[in-house]
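Notes follow once the structure below has been shown.
No lab work stands behind these numbers, since they all come straight from the coordinates. Every value quoted in this text rests on a predicted model; they were computed, and no experiment measured them. Here Cβ is always computed from backbone atoms with ideal geometry, including for glycine, and neighbour counts include all displayed protein chains.
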């Protein structure tokens, strides 16, 4: 599942910060609605294409400890399935 988050920064700043971005803490699973914080499960890289340049950015993944499903948090400037 994908959730969007507004980091309040542009794509270049997001790319420069990499894994040091201020990623949100997910406190409830969107799949099973368990009300406990999701575990940060890792990262994967995505391309972000803009008129001003192409960037490789890190996307954070979380995993629910109850249902074991994952959630990816995409910055709001990124298309989900491009």
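When you scan region 40-49, do you find a residue that is assigned to a loop (DSSP other than H, G, I, E, B) and over 14 Å from residue 2 (Cβ atoms), even just one?
The answer is no; no qualifying residue exists.
Name every residue in region 31-49 that is under 20 Å from residue 77 (Cβ atoms) and more than 11 Å from the chain's Cα centre (by Cα), in order of residue number.
47, 48, 49 - these are the residues of region 31-49 that are under 20 Å from residue 77 (Cβ atoms) and more than 11 Å from the chain's Cα centre (by Cα).
Out of 42, 8, 18, I need the residue that is touching a residue at least 24 places away in the same chain (Cβ under 8 Å) and at positive phi. Which one?
Just one listed residue meets the conditions, 18.
Based on what the data block shows, is residue 72 surrounded by 12 or more Cβ atoms within 10 Å (Cβ to Cβ) and touching a strand residue (DSSP E or B) at 6+ places or on another chain (Cβ under 7 Å)?
In short, yes.
Just need a number here: residues in region 4-30 that are assigned to a loop (DSSP other than H, G, I, E, B), under 14 Å from the mean Cα position of the chain (by Cα) and exposed (fewer than 13 other Cβ atoms within 10 Å of the Cβ).
4
Restricting region 50-77 to residues that are in a loop (DSSP other than H, G, I, E, B), in contact (Cβ under 8 Å) with a residue 60 or more places away in the chain and out of contact with any helix residue (DSSP H, G or I) (no Cβ under 7 Å at 6 or more places or on another chain), which is nearest to residue 11 (Cα to Cα)?
Here the answer is 76.
Quickly run through region 41-65 and pick out the residues that are surrounded by 14 or more Cβ atoms within 10 Å (Cβ to Cβ) and within 15 Å of residue 28 (Cβ to Cβ).
62, 63, 64
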